[in-house]
Amino acid sequence: MDLSSFRNPRLYRLIDPLLPLFATLAALLVGAVMLLLMNANPITAYRALYEGAFGSKNAVADTLIKATPLLLVGIGICISFRGGVINVGGEGQMIVGGLAATALALELPETTSPALALLLCLAASFAAGAIWGGIAGALKAYFKVNEILSTIMLNQIAIYWMIYLLNNTLIDPLKAQQASRIPETARLPRQFDLPRIGEWLDTLYKWLGLVGPDDKLWATTLLHLGIVLAVILAIAVYIFLWRTTIGYRIRAVGKNPRASRYAGIRVKRYVVLSLLLSGGLAGLAGGIQVMGVRHRMSAEGGGIAFTGNAGFNGIVAALFGQLHPIGTIPASVLFGALLVGGNKLQRDVQVPSALITVLIGLVIIFVVSSELWRRRRARRRVIVTEAGPPDRPPESQAMEAGR
Amino acid sequence: MIGDLLNATVLIGIASSGIQLATPYLYASIGEMFGQRSGVLNLGVEGMMLMGAFTAFYTVHNTGSLVLGVLAALMIGALMGLAMAVISVTLQAEQGISGIGIYLFGLGMSDLLFQKSFSQIVTVRGFPTIRIPLLSEIPVIGEVFFEHNLLVYVAFALVPLAWFVLNKTTLGLKIRAVGQNPQAADTMGISVARVRYFTVTLGGMLASMAGASLSIALLNVFQQNMTAGQGFIAVALVYFGSWRPGGVLIGALLFSTVNALQLWVRTKGIDIPAEYASMAPYLLTILALVFASKRVDQPAALSKPFERGD
């Protein structure tokens, strides 16, 4: 338990979670200056951004759909970063996850029951992502290969693999005969569609008496089961990291690998495990993109067109959520909103949606830069606790204070 | 068809284009190497390359002056390097993550500026090929090594220069000291922060030049995300070359030659799928990293922020 925080001035506890918010505000401020330089009115532009993201039920649904992969990648990032492993391979892990789900869906007999079909494909995408992440984990643990570099290389390998498979093995037989040869699969059979949850939501709304019996509120949107799955998994990851022994060990290894080794934890194994799980969740994000949104896999536009850069943006969401799975939920919605709103920004104010990428980059920079203050305070905390009860060795206090 | 490869003209073509393709890697990796030798891992190279590529392209397109293009690229690179230095040295941020931030910033910003200033893809008149008199007359060697544009020659000249600076000057000694043992360097009166500011800013300028070498010398166009991961490879090449200019050179050449070979395979439509050929450099890098890790010459303080102890 982090006793030391009780001695903190209350103000700090208030400000801490607000740091990412300040970072975003700062990024939006820089964005406003950029908009002014581009002769666009920042207020109009940001209003368009907001309306694009939350202005209608379709917009909200879109935002949640975009938030889903960010959340899944993000909670994976929570695991790996807490385990002291920097996984920047979300892009590649999503792609192999998507490929696995697609390939399996094309192979399974049409008569497979929908529930089984969904379950198998989701499991396949998780497994594929886990393998892709696990490779980097094993390379780090047993060959000391820097995981940042290996995951980046694995991203590129996954992209080319995807292009190859979609041009050859997996290509829709009909399209293969056409001159244009669009590198994409056929539409997957319907039983591989993640169920839409609009009607369920409407039933809930009616039950709560929020809408009339014949109103359709969410039923017309494309909102699918993915977001529900992602939120459940976020809670599961929270329980895993903070309420199970394995989760505790992952965090211990991330905090202090040497101390963990002395405590008898097999550090290497946990390094692999954290990348495995992190990759698996990203792979699942890829599978859900296929089964919930696109219903086919396409290599058109390369890797980014499939992932929407979620492999990187998920890192931002996780950092923004303080590397806490529950905090990552609202963070993902926020960044999903930025991405969806960016499209409206482009349509209405003629500002390229690349602005959003710039803003996200700035948010990361501001968030990690503000860590310095947090660390400085953590150290002050150590100094305070060292004057505390003398019966505890100072090391354990320092470890706790670093939390 | 593989037999075609043994044809002299094909071999010369591949070797020559390998030399050209090595250019951006050399600029970026040498710059990154200086940063890493002083203990800073700059993962934002890709973003800096994109900004440099755009700035150089834009300047050359509007002024027609290649000198101005290079100067503009150097300036924007210095600015981005300085920003990275502030983040990683003064604010002591996690370097891997802040690098991703810089990357996304550069990716978005160069795209944004490009879309705002050009309505379609245009080309510029880039650096012309300079045939070095006499040397280019030598058969084979002349064609491979001495018929390139100015930026290619400069890139290769950087390698011995970097070696000299690192190993034979006081500055180089300071850089290595700061990267190996910042505490000791600090005690000796070397300003760790100042040295790192210098190397990271230099790294930014060279990364930016790497981008410029694509947009105003090699390809003479700008497209969004035109570097397509080369900046990240440049970072890996520093590990590959075990933090030495000569090693980086070998890595860059190996990588670019495989790339040139891959491009050739692609045009021939040979039965090796082009995508597998494209994967080769990345697989090679991973393998290289496995072997590089066996060595112990990684700067001890790499990616660890330095703060004076009390």
Response to the item:
Going through segment A:139-184 in order, the residues found to be buried (at least 22 other Cβ atoms within 10 Å of the Cβ) and not in a helix (DSSP H, G or I) are A:Val145, A:Asn146
Discussion item. Just the residues that are part of a loop (DSSP other than H, G, I, E, B), surrounded by 13 or more Cβ atoms within 10 Å (Cβ to Cβ) and of a type in the set (S, T, N, Q), please, taken from segment B:118-145.
Written reply: none
Item to complete: Output the residue which, of all residues in segment A:189-209 that are more than 26 Å from A:Gly287 (Cβ to Cβ) and in a loop (DSSP other than H, G, I, E, B), is modelled with the lowest pLDDT.
Response: A:Gly209
Worksheet item: Taking B:Ala157, is it under 18 Å from the mean Cα position of the chain (by Cα) and free of Cβ contacts under 8 Å to residues at least 12 places away in the same chain?
Response: yes
Practice prompt. Check segment B:176-183 and report whether any residue there is over 22 Å from the mean Cα position of the chain (by Cα), of a type in the set (A, V, I, L, M) and away from chain A (no Cβ under 14 Å).
Written response: yes
Worksheet item: What single numbered condition from (1) in a helix (DSSP H, G or I); (2) in contact with a Pro (Cβ under 8 Å, 6 or more places away or on another chain); (3) within 16 Å of B:Leu26 (Cβ to Cβ) fails to hold for B:Thr227?
Response: (1)
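Yes/no matrix, rows are residues, columns are (1) in contact (Cβ under 8 Å) with a residue 24 or more places away in the chain; (2) out of contact with any Gly (no Cβ under 9 Å at 6 or more places or on another chain); (3) among the hydroxyl-bearing types (Ser, Thr, Tyr); (4) not in a helix (DSSP H, G or I):
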position: A:Thr221; (1), (2), (3), (4): yes, no, yes, yes
position: A:Val231; (1), (2), (3), (4): yes, yes, no, no
position: A:Val237; (1), (2), (3), (4): yes, no, no, no
position: A:Leu241; (1), (2), (3), (4): yes, no, no, no
position: A:Ile246; (1), (2), (3), (4): yes, yes, no, no
position: A:Arg251; (1), (2), (3), (4): yes, no, no, no
position: A:Ala259; (1), (2), (3), (4): yes, yes, no, no
position: A:Arg269; (1), (2), (3), (4): yes, yes, no, no
position: A:Gly283; (1), (2), (3), (4): yes, no, no, no
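Check segment B:76-86 and report whether any residue there is more than 7 Å from chain A (Cβ to nearest Cβ), touching a Phe, Trp or Tyr at 6+ places or on another chain (Cβ under 8 Å) and within 23 Å of B:Pro182 (Cβ to Cβ). Break it down into steps so the answer makes sense when it comes.
As a first pass, look at segment B:76-86 and keep what is more than 7 Å from chain A (Cβ to nearest Cβ): B:76-86.
Checking which are touching a Phe, Trp or Tyr at 6+ places or on another chain (Cβ under 8 Å) leaves us with B:82, B:85.
Narrowing the set further to residues that are within 23 Å of B:Pro182 (Cβ to Cβ) leaves B:82, B:85.
Checked against the condition, which is being more than 7 Å from chain A (Cβ to nearest Cβ), touching a Phe, Trp or Tyr at 6+ places or on another chain (Cβ under 8 Å) and within 23 Å of B:Pro182 (Cβ to Cβ), segment B:76-86 yields at least one hit.
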Discussion item. Step by step: first the residues of segment B:243-278, then only those that are surrounded by fewer than 20 Cβ atoms within 10 Å (Cβ to Cβ), of a type outside the set (A, V, I, L, M) and outside any helix (DSSP H, G or I), then the one that is modelled with the highest pLDDT. Which residue is that?
Written reply: B:Arg244
Worksheet item: So is A:Val145 over 25 Å from B:Ala280 (Cβ atoms) and within 11 Å of chain B (Cβ to nearest Cβ) or not?
Response: no
Practice prompt. Sort out which residues of segment A:297-328 are surrounded by 22 or more Cβ atoms within 10 Å (Cβ to Cβ) and aliphatic (A, V, I, L, M), and write them in order of number.
Written response: A:Met297, A:Ala299, A:Ala310, A:Ile315, A:Val316, A:Ala317, A:Ala318, A:Leu319
Response to the item:
Taking first residues from segment A:352-370 that are within 7 Å of chain B (Cβ to nearest Cβ) and closer than 15 Å to B:Met51 by Cα and second residues anywhere that are among the polar types (S, T, N, Q) and part of a helix (DSSP H, G or I), the pairs with Cβ under 8 Å that are 6 or more apart or on different chains are A:Ala354/B:Gln115
Worksheet item: Filter segment A:291-347 for residues that are touching an Asp or Glu at 6+ places or on another chain (Cβ under 6 Å) and under 23 Å from A:Phe54 (Cα atoms); which is modelled with the highest pLDDT?
Response: A:Val340
Discussion item. If I filter segment A:99-138 down to residues being surrounded by fewer than 23 Cβ atoms within 10 Å (Cβ to Cβ) and not hydrophobic (A, V, I, L, M, F, W, C), which single residue comes out as modelled with the highest pLDDT?
Written reply: A:Gly134
Worksheet item: Does segment B:88-107 include one or more residues that are away from every other protein chain (no Cβ under 14 Å), more than 20 Å from the chain's Cα centre (by Cα), crowded, with 19+ Cβ neighbours inside 10 Å and part of a loop (DSSP other than H, G, I, E, B)?
Response: no
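The values are calculated or read from the model by the stated rules, or taken from the named source; none is laboratory data. Given the structure is predicted, the values throughout are model-derived calculations rather than measurements. Every residue, glycine as well, gets a Cβ built from its backbone with ideal geometry; the counts of neighbours run over all protein chains shown.
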